Amino acid sequence: MGIQITPSVLNADLSRLADEIARIPSSDWVHIDVMDNHFVPNLTLGLPVFESLAKATDLPLDAHLMITDPDRWAPAYAEAGAGSVTFHAEAAAAPVRLARELRAKGVRASMALKPATGIEAYADMLAELDMLLIMTVEPGFGGQRFLDVCLPKIRRARELISAAGLEVWLQVDGGVSLETIERCAEAGADVFVAGSAVFSAEDPDAVVRELKARAESISGAV
Ligand code: DX5
Ligand code: ZN
């Protein structure tokens, strides 16, 4: 599939979400951060807003659910128009069952790991996933500093995916910028979330294109 960029609208102008999404046409996906003030100490948006956004753009939506009880709520995001739904490993009661349910609903099933959550316990379930998200900040807020401590886990995840002969996409989220994207690409990530780096720029779409070019230059080299 190659390198993909999925800007997060968390740090965009939230009163004009559809307009903000229209400013990033070069994106492969739009990353929507759903937070419930329980799994993370922040509250963003839920199903009704998500459903409206799906109708307002032709870009596919990448739902990142930072919520308690995804087993109950994640399938509804598939029905609301998501192309990919990510739940957190730390929050899911039955991750394999949930991934299968998402796939059965016709969306890409994805699981996220917080910075301190190891990959090894989930190695055997990678075949159930279309994407693995390695968080590179503690989830909850945009604009945080990239955590280099997560790079070995990205590398390890890429090794596990390759060794199993799987096509699982490897996404990174948190502090990804023109300065940090090359480290992530070098470690093996291929799907990049970037929030503040994109929406703090005067020309957000130019940053999307530049992020992609930088990641591509590395992935071509390894
Ligand atoms: C953090 C969110 C991220 C965040 C990314 O909890 O999941 O998607 O908005 O924003 P930046 O790129 O600013 O770290
Ligand atoms: Zn996110």
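The values are calculated or read from the model by the stated rules, or taken from the named source; none is laboratory data. Computed from a predicted structure; not experimentally measured. Note that we place each Cβ from the backbone using ideal geometry, even for glycine, and neighbour counts take in every protein chain shown. The protein model used for the area step is the full one, side chains on, heavy atoms only, and it has no ligands, DNA or RNA in it. Shrake-Rupley method; radii C 1.70, N 1.55, O 1.52, S 1.80 Å.
With only Lys, Arg, Asp and Glu charged, each at its Cβ (+1 for the first two, -1 for the last two), find how big the charge dipole of the chain is about the Cα centre; round to the nearest 20 debye.
With Lys and Arg at +1 and Asp and Glu at -1, about 320 debye.
Working out 0.36 nm times the residue gap between Met125 and Ser162, then minus their Cα-Cα distance, what length gain in nm do you get to one decimal?
So the extension gain works out to 11.9 nm.
Taking +1 at the Cβ of each Lys and Arg and -1 at the Cβ of each Asp and Glu, which of Met111, Ser15, Ala56 sits farthest along the dipole of the chain towards its positive end, judged by Cα position relative to the Cα centre?
After comparing all options, I get Met111.
When only the heavy atoms of the protein chains count and the probe is 1.4 Å, how do Arg209, Arg23, Arg145, Arg72 rank by accessible area, highest first?
Arg145, Arg72, Arg209, Arg23
Could you tell me the relative contact order of the chain? Use alpha-carbon pairs under 8 Å, at least six residues apart, and round to a whole percent.
Computed over the chain, the figure is 21 percent.
Would you please classify the overall shape of the chain from the alpha carbon gyration tensor, given that a ≥ b ≥ c denote the square roots of the eigenvalues, rounded means a/c under 1.5, and beyond that prolate means a/b larger than b/c while oblate covers the rest? Working shown, then result.
Details: a/c = 1.45, a/b = 1.03, b/c = 1.41.
Here the chain falls in the rounded category.
Place +1 on the Cβ of every Lys and Arg and -1 on the Cβ of every Asp and Glu in region 146-199, take the dipole about the Cα centre, and give the residue among Leu160, Leu170, Leu147 whose Cα lies farthest towards its positive end.
Of the options given, the answer is Leu160.
Keeping all protein chains in the complex and leaving out DNA, RNA and ligands, what accessible area do you get for Trp73 with a 1.4 Å probe, in Å² to the nearest 10?
100
Pull out the extension gain between Val149 and Ala206, defined as 0.36 nm times the separation in residues minus the alpha carbon to alpha carbon distance; nm, one decimal.
Extra length available between Val149 and Ala206 comes to 17.6 nm.
Percent of accessible area on the chain owned by carbon and sulfur, 1.4 Å probe?
Details: 4770 of 9460 Å².
Roughly 50 percent, rounded to a whole number.
How much accessible area per residue does the chain have, counting only protein heavy atoms and a probe of 1.4 Å, in square angstrom?
Ligands and nucleic acids excluded, the figure is 43 Å² per residue.
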